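To keep things clear, I will list the structure first and then write my remarks on it.
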Amino acid sequence: MGYRLVLKTIGKILLLESILMFLPLIISIIYQDGNVSVFLSSIIILFLLGFLFLRIKTESKKLFLHENFIIVAICWIVMSIFGAVPFILSKEFSSIINSIFESISGFTATGTTILINIENLSKSILFWRGFTQWIGGLGVLTFIIAVLPGKNSFNNMFKTEITGPSKEKLVPKLSQNAKILYLIYISLTCLEIIFLLLAGMNFYDAVIHALSNAGTGGFSNKNLGVVYYKNIFIEIILLIFMILFSINFAFYYDIVEKNFKSIIQNDEFKFYIFILILSSVIVFFDINKIYRSCFVSLRYSVFSVTSTISTSGYAIIDKNNLPSLSQFILFILMIFGGCAGSTSGGLKLIRILIIIKLITREINKLFHPKIIENIEINNSSVSEKMLYDVLIYFCVFIFIIFSFTFLLILTDKKDIWSSLNIIISSLNNIGYCFGNLSTSKNLENLSNLGKIILSTCMIIGRLEIYPVILMILSIFKIKK
Amino acid sequence: MKIIIAGCGKAGYNLASVLFENNDIIMIDENKEALERADQNLDVMCIKGNCISSKILLEAGVNNCDVLVSVTTRDETNIVCCLTAKNLGASRVIARIRNYEYANEIDEMKSDMNLDLVINPEKKVADEILKFLKFSKDIKVDFFANKNIEILEIKINKKNLMCNLKLKDIIKNDNQNILIAAILRDNFVIVPKGNDVIKENDTVYIIAHGNKTINFCQRNKIYVNKLNSVIIVGGGRIGCYLAEYLNNLGIKTKIFEVDKKRCIFLNDILPKSVIINGDGMDDKLLKSENIEDADAFISLTGRDEENLISVLLAKNLGAKKVIAKINREHYSRAINSLNLNIDNIINPGMITSKYVARYIDNIGDNINNSLINIKKLNVFDFKIDISTSFLNKYIKNLNLIENVLIAAIIRNREIIIPDGESIVKLGDHLVLISKSENITDINDIIKL
């Protein structure tokens, strides 16, 4: 395998990361929070390392599919670890492991935080924490493809970073594709900042919330999260943008291109809206018994459902006190996740939809043993290979959930419900869960091994499992 | 540029792989596996569907595409696809039409159906083999105006009779229609006049009818391959075209073909060739057919392995030049690394895709009429219409800008190498040679 190429790609990533760190540096200069030296030294470290790696000479060689996967996985790990450099240098985190955990949680747009008192942190560090979610949301390699002149070898890397099973291009050129995606991403983020400002948030908070909402991450710079503002408009804006960021970005391209037909035909989008409404209604009636106010129940139910399914993970109520029906609905939604081709995590609704249709087909087959039936999504039939891929992915997904829950119980001996929940929350990049481990305090008390397990889960979930597995296998091959 | 390629077979894939780095490529095919291969290896967009359906074509964005290339398996599909695309607004369409029966009607098809370029891969490959057979490696050849005109690039040395002669004397010695179009001297292009003298080490560009270049070269002691008899193994389409070319040049051809029915057909269409019903790998048969006298031995059967073996055999038996057709690209890579005693390997797929790619590249450079670009020299093809300012005038009376030469006039498919007395008429095509790259309109060549 091209180790040189791996190092060179890492070099590019590090350089890019060091450039991106100029933004928190500027924040630090503006607010004078004493972190100028922290960010300056981080920039220098990353820049030098990146520059060193970039100097490596590589032969131009075509990469095989699995090599692409491995490079992407390694890049993500390296990027997340080096993203923790400012956290470590600022000494605002209690340990190195905690810093790296927070950084990985940021880049994978999970949003699980290990910080007990967020408001203690300096403004630039908090900004960087939110910014990592924005960077990780759509993918770093995608960004590199958009910025650097097009290289063929990135083709499969791009596909690895974009979420979901179907990766159809919007336009023929990869770099153009990446540019369009980032353009949509940036404009939506800017729009959200403006709306949050109008709703009465101050500029700094608006930027942080918009950035982390864009990556469907769910970091806040307040201990109480969204509840702090006690502002219904802010909640509505966040709600709308959570939905916007968790639907396929091709949707916006179609709107710009006035391709309304394909919007109407989009089954995944319709399914998404259906699930949203259905679960909101169920949760609404369930919690209405407690709150006894239609307005409050509606507000809480819709926000919780959206926050869960879009894998953002903002919370406005104490989840553990919810009635069990609501808890269970939200738990299922955690696994579902948003639409393919968005910044959300989870299994992706298109896979769920395909699996549901497969089940109906199987049942149909029992009635009519000789029936031939194609499964149609968006008015065109899904190939058998894709069906197979989706099924296998689902199996692997379940397998990963159970095996990591097993590992976590082994290392930390927490109860089953909490362990299962935190694993699912990490794997689906939600950062919001039920059980004991939903509070930062308990999370911080986890053993180091437990934190590593959770971090691994986040990266596995963000890259949709296979890249990380391939990487681990290839490392073992080297040792042989 | 936005290019749609209908058909993701061997040709489509090759074409895309040549073009995708600088262009936006959209591929249409009904075969999912073929598309997946392209999607994995190339930076292209793939659409599954029927390339004749206007819904699919519109989905691919045919209304604002620069070029549509149709290379599906069936000629008829290609034609209909191009017609539909043109109606839907594609600016240029290219069709692959390979059926032998259509070969002589391609010009009519092209103009009647408003196709911008028709590719006949087999014919193109036959051209390529012919070039290789006719001229030594020092001479570069290009065909244009439907392959009836050749442009030769010749490096002059002392042995050439042309050396140190005035242009008008060369032409006088040669009463044939030959045009010395340009001279490249010390990296300077000269568009020559009658009194210019050709010197040693010049590179001379000569334009002439295809069947006259060989005579001209021989008379002027420019080295060309002596070609008296050629053996072709495999009477497929390439073999037919090649034999036809060679027969027209008066070169004896023998065609080996295993299929008896095909032999009878070949005998029908190629009366001048000797058709032999036999295997090209049979050494006894080859010997009895005087292989040692063959100036060239070309194996063009459908199987790469057979071509390779028979060519090696022929070389052993004394054939002077051997050429094998190899379809699979990885085979030709392997053969090249083996250093076998083969003079040339022909890869049909690459030849056609490079040809189309060159055509498309030329569009992209905005020299939309430039056919050939040899070093600093551009060749343009313009149609004369009513807007042309010098209609019905003698060429000698035209006040042309510097460094432009009217190389040929094509009238009703006849080629005239013009002299001062020639007249430009409505409907003609003019072939121009110029140092300048940006002649966009025919009237640009007249001094104001």
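If you take the residues of the stretch B:244-265 that are modelled with pLDDT of 90 or more and crowded, with 21+ Cβ neighbours inside 10 Å, which of them is farthest from B:D295 (Cα to Cα)?
B:E257
Within the stretch B:1-44, which residues are within 13 Å of chain A (Cβ to nearest Cβ) and in contact with a Leu (Cβ under 8 Å, 6 or more places away or on another chain)?
Within the stretch B:1-44, B:I3, B:I4, B:I5, B:A16, B:S17, B:F20, B:I25, B:M27, B:I28, B:Q40, B:D43 qualify.
Which one of the conditions (1) more than 16 Å from B:D116 (Cα to Cα); (2) in contact with a helix residue (DSSP H, G or I) (Cβ under 8 Å, 6 or more places away or on another chain); (3) part of a helix (DSSP H, G or I); (4) more than 11 Å from every other protein chain (Cβ to nearest Cβ) does B:A85 fail to meet, given that it meets all the rest?
So the condition that B:A85 fails would be (1).
Are any residues in the stretch B:267-281 in a helix (DSSP H, G or I) and touching a helix residue (DSSP H, G or I) at 6+ places or on another chain (Cβ under 7 Å), and if so, which ones?
Within the stretch B:267-281, just B:I269 meets the criteria.
Across the stretch B:394-417, which residue is farthest from B:K168 (Cα to Cα) among those that are among the basic types (K, R) and loosely packed, with under 13 Cβ neighbours inside 10 Å?
Step by step, filter the stretch B:394-417, then rank; the result is B:R413.
Determine which member of the set A:I359, A:I354 is crowded, with 20+ Cβ neighbours inside 10 Å and among the aliphatic types (A, V, I, L, M).
Answer to the selection: A:I354.
Small (G, A, S), under 20 Å from B:M1 (Cβ atoms), more than 14 Å from chain A (Cβ to nearest Cβ) and in a loop (DSSP other than H, G, I, E, B): is that true of B:A90 in this structure?
Yes; evaluated as a whole, the condition is true for this residue.
Considering each of A:L183, A:L196 in turn, give the residue that is in a helix (DSSP H, G or I), away from chain B (no Cβ under 14 Å), out of contact with any strand residue (DSSP E or B) (no Cβ under 9 Å at 6 or more places or on another chain) and within 30 Å of A:A315 (Cβ to Cβ).
A:L196
What number of residues in the stretch B:102-118 are within 17 Å of the chain's Cα centre (by Cα), closer than 16 Å to B:H429 by Cα and among the polar types (S, T, N, Q)?
Matching residues across the stretch B:102-118 total 0.
Please pick out the residue among B:K86, B:K110, B:K123 that is buried (at least 17 other Cβ atoms within 10 Å of the Cβ) and at pLDDT below 85.
Testing whether each residue is buried (at least 17 other Cβ atoms within 10 Å of the Cβ) and at pLDDT below 85 leaves just B:K123.
Of all residues being touching a residue at least 24 places away in the same chain (Cβ under 8 Å), assigned to a helix (DSSP H, G or I) and not charged (D, E, K, R) in the stretch A:366-394, which is nearest to the other protein chains (Cβ to nearest Cβ)? Just the residue, please.
Here the answer is A:M386.
Out of the residues in the stretch A:50-100 that are surrounded by fewer than 19 Cβ atoms within 10 Å (Cβ to Cβ) and touching a Leu at 6+ places or on another chain (Cβ under 8 Å), which is modelled with the lowest pLDDT?
Out of the qualifying residues, it is A:K61.
Please count how many residues of the stretch B:274-290 are surrounded by 21 or more Cβ atoms within 10 Å (Cβ to Cβ) and out of contact with any Asp or Glu (no Cβ under 8 Å at 6 or more places or on another chain).
Residues that pass the stated criteria total 1.
Quickly run through the stretch A:309-365 and pick out the residues that are more than 18 Å from the chain's Cα centre (by Cα), assigned to a helix (DSSP H, G or I) and not hydrophobic (A, V, I, L, M, F, W, C).
A:K319, A:N320, A:N321, A:S324, A:S326, A:Q327, A:K357, A:T360, A:R361, A:E362, A:N364, A:K365
Within the stretch A:162-174, is there a residue that is at pLDDT below 85, part of a helix (DSSP H, G or I) and buried (at least 19 other Cβ atoms within 10 Å of the Cβ)?
Yes.
Pick from the stretch B:58-82 the residues that are without any contact (Cβ under 8 Å) to a residue 24 or more places away in the chain and in a helix (DSSP H, G or I): which of them is farthest from B:P121 (Cα to Cα)?
Applying the filter and picking the extreme gives B:E59.
Does A:V302 qualify as being over 17 Å from A:C433 (Cβ atoms) and assigned to a helix (DSSP H, G or I)?
Judged against the criteria, A:V302 is a match.
Please identify the pairs in which a residue from the stretch B:2-29 that is in the same structural domain as B:I97 (by TED's automatic domain parsing) and touching a residue at least 12 places away in the same chain (Cβ under 8 Å) has its Cβ atom under 9 Å from the Cβ atom of a residue that is of a type in the set (K, R) and assigned to a strand (DSSP E or B), counting only partners at least 6 apart or on another chain.
These pairs meet every condition: B:G7/B:R96; B:A11/B:R96; B:N23/B:K2; B:D24/B:K2; B:I25/B:K2; B:I26/B:K2; B:I28/B:K48; B:D29/B:K48.
Consider the stretch A:246-285. How many of its residues are in contact with a Gly (Cβ under 8 Å, 6 or more places away or on another chain) and in a helix (DSSP H, G or I)?
Qualifying residue count for the region: 2.
Any residue in the stretch A:129-145 that is over 19 Å from the mean Cα position of the chain (by Cα) and modelled with pLDDT under 85?
yes
Out of the residues in the stretch B:45-82 that are aliphatic (A, V, I, L, M) and buried (at least 22 other Cβ atoms within 10 Å of the Cβ), which is nearest to the other protein chains (Cβ to nearest Cβ)?
Step by step, filter the stretch B:45-82, then rank; the result is B:M45.
If I filter the stretch B:418-439 down to residues being surrounded by fewer than 20 Cβ atoms within 10 Å (Cβ to Cβ) and either part of a strand (DSSP E or B) or of a type in the set (A, V, I, L, M, F, W, C) (or both), which single residue comes out as modelled with the lowest pLDDT?
Per the stated criteria, the residue is B:I439.
The values are calculated or read from the model by the stated rules, or taken from the named source; none is laboratory data. If you're wondering where the values come from, they're calculated on a predicted model, not measured in any experiment. Positions of Cβ are backbone-derived with ideal geometry, glycine not excepted, and every protein chain shown enters the neighbour counts.
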